[in-house]
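Worksheet: one structure, shown below.
The values are calculated or read from the model by the stated rules, or taken from the named source; none is laboratory data. Everything numeric here is computed off the predicted structure, so don't read it as measured data. Neighbour counts are summed over all protein chains in view; Cβ atoms, including those assigned to glycine, are modelled from backbone coordinates with ideal geometry. Note: accessible area is taken over every heavy atom of the protein model, side chains too, but ligands, DNA and RNA are not part of it. Shrake-Rupley method; radii C 1.70, N 1.55, O 1.52, S 1.80 Å.
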Amino acid sequence: MAVFRCIGAALAGAAFVLSGCSGGGAVSPAPQVPAHAGADAGQRTGAQIQHVVIIIQENRSFDDFFATFPGADGATSGKMHNGQIVPLKKVGLAALDVNHTYPTYLQDYDNGKMDGFDLAKYGTGQRAGKYPYQYVDPTKIQPYWALAQQYVLADRMFQTQGSGSFTAHQDLIAGATVVDSSDSIVDDPSNSFAWGCDGKKGTVTSLITTNGQYLFDEGPFPCFKYSSGTMRDLLDKKHVSWRYYTPHHRGNTDGALWNGFDAIFNVRYGPEWTTNISIPQTNILNDISNGKLPAVSWVIPDKLDSDHPNGLDKTDDGPSWVATVVNAIGESNYWDSTTIVILWDDWGGFYDHVPPAFLDNAGGLGFRVPMIVVSPYVMPGVAHTQYEFGSVLKYVEETFGLGSMGRTDQRATSIGNLINTQRHPLPFNPIPSLRSRKYFLTQPSSYEPVDTE
C-alpha cells in the first residue's frame, strides 16, 4: 500500500465554513451528514441493498457545479498564480476544454496553494487565464441540485489520481493503475482515439515512478493484466452479476473507446466482452424495465450527455440523462434495493479551492469532484467525510461480500457510512428534467469519444 504524507489538517468527518453561498439563496441549507451516519457494515449490507449503480459523468470540479450549494464547502472566488483573487464567473453548462493532465494537475496544485489554474491551456491552446475560474449556474443543472437536495452531496470526494479520464475509469474498476511494477499508469495513451487493447500497434502510456518522476510515453501498451485483478474478478468469483453500459464508438471495434474494460486483457479477449459489456448505454433503461438490472452497473454516457466541455456545442443533456436513469430506478421495483452513485471522473481543469487530502506515490489524491449518493436509506444532507474513488469500490465489496483488491479500496473510507438500511426507506420523488426517457432511447448516438484526455 502506498505511503502518503499529509499536507493539511485531517479532513475526514470535519465540518467546514461555507464560503460564497449567495447564489444559492433559494435553497434552504442542507443538514450536515455525520461521518458515520450508517449502521455497522455487517448489519447494513446484504439484506436489502442488492444493486449498486455507478453513473460516471465527465470533467467537472466540485466548485464548478456546487460552488454555492448551501452547507457545502464551495467557493465563489479563487487565487491566481500572481496572488490575485478573482471572482468565479457564473456560466452555462457549455464550456471549452481545459487541459487536465498530470503535469497540469501539479501546476494547478502548486504545492498546495491551489493557485496555478490560470497557467493551464484551453480551447485551441491559449493560456487559460481567468477561464477556469467559473461555476455553472444552478438553474442550468437543476436535476443535479434536486438530487443533492433530496439525498447526499459529498463535498470531499477526491479523484484517485490527478490525471484525466483514461486512468480515472481504470481507478473506478481496478482501484489503482499499477501494472507489472510499482510504477503507475497516468494520463491517456499516446493514441488517445483507441483506448486499451484495441489501440494501434506502438501505442504507449505514461508513468509515475515510485519516486514521483513523470515518464511521458514510456509506459506499456494499454492492455493490462493487473496482478490483483479488477472488480470483475471479485464479482465473478462470488458469482455476482455485473454489466458495463457504454456508448457506441465509430471505429474498428464498437465500444472500444470510453470503455474501461477495453484495457483489461481478460475481458477484451474473453466471453464477457459480449455478455457484460452492454452497448449502447441506454440498454440500462431497458434492463430496468425488463427486470434484468445486474447487481453492479457502471454507466458511461454518450458524449452529448456527459457534461464534458464540448466547445461549439450549445447544449449538453447530461443532467437530464442522469435524471432519466435515476427516475427509471426510482419508479421501478428496484428502488428499495438500490444505491446509486453519481460522480464525475476528473476535475476537467476547472478551479477548485480545496487541496487534495494527501499525496501518495501514484499521482494522487487528485482534486475534488462532485459525488451524489442516492438511496432510500440515506440521511439527506451534505457529507464532509473524505472519500476517493476507492470508497465506491469498497462499498461494492462490502455489500456483496467480495473481499478486497488491496489497493485504494483498502485505504479508503467506504461510502457505506452513508447507507443505513435500518432506517425507514425514503419514498421516491421523480427528478424533474428537460428531457424524457423517450428522448434518450431515440437519440441518435454521436459515435464520438466522450473525452480524449
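Apply 1/(1 + (r/R0)^6) to the Cβ-Cβ distance of residue 410 and residue 89, taking R0 = 51 Å, and write down the FRET efficiency to the nearest 0.05.
My answer for the efficiency is 0.80.
Computed packing ranks the peptides 216-224, 81-89 as 216-224, 81-89, most packed first, by mean other Cβ atoms within 10 Å. Simple spin-label estimate for residue 265 and residue 227 gives 1.5 nm between the two label positions (7 Å along the Cα-to-Cβ direction from each Cα).
Heavy-atom accessible area for residue 394, with the other protein chains in place and a 1.4 Å probe, reaches approximately 50 Å².
Between residue 289 and residue 149, what length comes free when the chain is fully extended (0.36 nm per residue of separation minus the Cα-Cα distance, one decimal in nm)? Present the calculation step by step, with values, prior to reporting the outcome.
Working: separation 140, 0.36 × 140 = 50.40 nm, distance 2.65 nm.
Here the answer is 47.8 nm.
On full extension, the segment bounded by residue 200 and residue 332 gains 43.3 nm, given 0.36 nm per residue less the C-alpha separation. Peptides 368-374, 332-338, ordered by how many other C-beta atoms sit within 10 Å of their residues on average, highest first, read 368-374, 332-338.
Whole-Hz Karplus values for the stretch 414-428 come out as 5, 6, x, 6, 9, 10, 9, 6, 7, 6, 5, x, 6, x, 8 Hz, taken residue by residue from phi with 6.51 cos²θ - 1.76 cosθ + 1.60 and θ = phi - 60°; glycine and proline positions read x.
Quote to one decimal, in nm, the extra length available between residue 81 and residue 239 on full extension: 0.36 nm per residue of separation minus the C-alpha distance between them.
Working: separation 158, 0.36 × 158 = 56.88 nm, distance 5.17 nm.
Additional length available on full extension: 51.7 nm.
I need the calculated FRET efficiency for the pair residue 429 and residue 113, taking r as the beta carbon distance and R₀ as 56 Å, to the nearest 0.05.
Details: r = 42 Å, r/R0 = 0.75.
Efficiency for this residue pair is about 0.85.
Backbone phi angles across the stretch 143-151, fed through the Karplus curve with coefficients 6.51, -1.76 and 1.60 (θ = phi - 60°), yield HN-Hα couplings of x, 5, 5, 4, 5, 5, 6, 8, 10 Hz in residue order; Gly and Pro are listed as x. In sequence order, the stretch 168-179 has phi-based couplings of 4, 6, 5, 4, 7, 10, 10, x, 4, 10, 7, 10 Hz under the Karplus curve 6.51 cos²θ - 1.76 cosθ + 1.60, θ = phi - 60°, and Gly or Pro positions carry x. Amide H contacts for residue 264 (H built 1.01 Å from N in the peptide plane; partners 5 or more residues away or on another chain; cut-off under 5 Å): 197, 224.
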